Amino acid sequence: FHIHTEPKKVWPPSLEMQMGDGKPGDAYVTGDLFIIGNTRADCASPEGKYTPGGKVITRGQGAAGTRVAVSENPEKPHGEWNLAEVIVHGSEKGEFILNGKTLNVIHNMKFKDADGEWKPLEKGHISVQAEWAELEYRTIRVKEIAE
């Protein structure tokens, strides 16, 4: 979400809630945060994984991607549907929720503009992940939330 430049790129500069089929510690776990391409966000992730109440660190910064892993994975067994939610409040806050469990929370989202200045990342395109993992979507909803 919040794709801010180059929307046709395979991995466009943005913030991503990973959709995958791994278990915590694997490379691609549903709920992992990926910060891609001159994008950054603050996250309680002192050891590189989301830790509620942990030290808040700015992740991202450069052109290469950065991952903030989840510490648990409440995925349902293969064959059952999961409910994945991404709730975003402009540049202030993003929450990744899977089956009612908060897996990642980010704040202070920013992107580097053409002049090299960090600006609030308040909006952008939304993309749905299609990757190597077996992945099916049943219902996709986008809902604007009144503040």
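Read-outs throughout are calculated quantities, based only on the coordinates presented, and are distinct from any laboratory measurement. Keep in mind it's a predicted model, so treat the numbers as computed, not measured. For neighbour counting, all protein chains shown are included, and Cβ atoms are generated from backbone atoms with ideal geometry for every residue, glycine included.
Along the stretch 122-127 the Karplus relation, 6.51 cos²θ - 1.76 cosθ + 1.60 evaluated at θ = phi - 60°, assigns HN-Hα couplings of 9, 7, x, 5, 10, 10 Hz to successive residues, with x for each Gly and Pro. Comparing mean-square fluctuations of Glu134, Glu16, Glu75 from a GNM of the chain with C-alpha springs under 10 Å, the top value falls on Glu134. Placing unit charges on each Cβ (+1 for Lys and Arg, -1 for Asp and Glu) gives the chain a dipole about its Cα centre, and among Ala41, Ala114, Val142 the Cα reaching farthest toward its positive end belongs to Ala114.
Taking Cα centre as origin and charging only the Cβ of basic (Lys, Arg, +1) and acidic (Asp, Glu, -1) residues, the dipole magnitude of the chain rounds to 200 debye. Packing here is the average count of other Cβ atoms within 10 Å per residue, and on that basis the peptides 118-130, 19-31, 99-111, highest first, run 99-111, 19-31, 118-130.
Projected label points at Ala27 and Ile57, each 7 Å from Cα along the beta carbon direction, are separated by 2.1 nanometres. Selection among Val70, Ala27, Ser14 by position relative to the dipole of the stretch 12-91 gives Ser14 as farthest towards the positive end (Cβ unit charges, Cα centre).
In terms of the mean number of neighbouring beta-carbon atoms within 10 Å, the peptides 90-96, 66-72, 36-42 order highest first as 36-42, 66-72, 90-96.
Could you pull out which residues in the stretch 12-46 have an amide N less than 19 Å from a spot 7 Å beyond the Cα of Lys123, following the Cα-Cβ vector? Label zone hits: 13-15. In this calculation the C-beta distance from Arg138 to Ala114 is compared with R0 = 41 Å, giving a FRET efficiency of 0.55.
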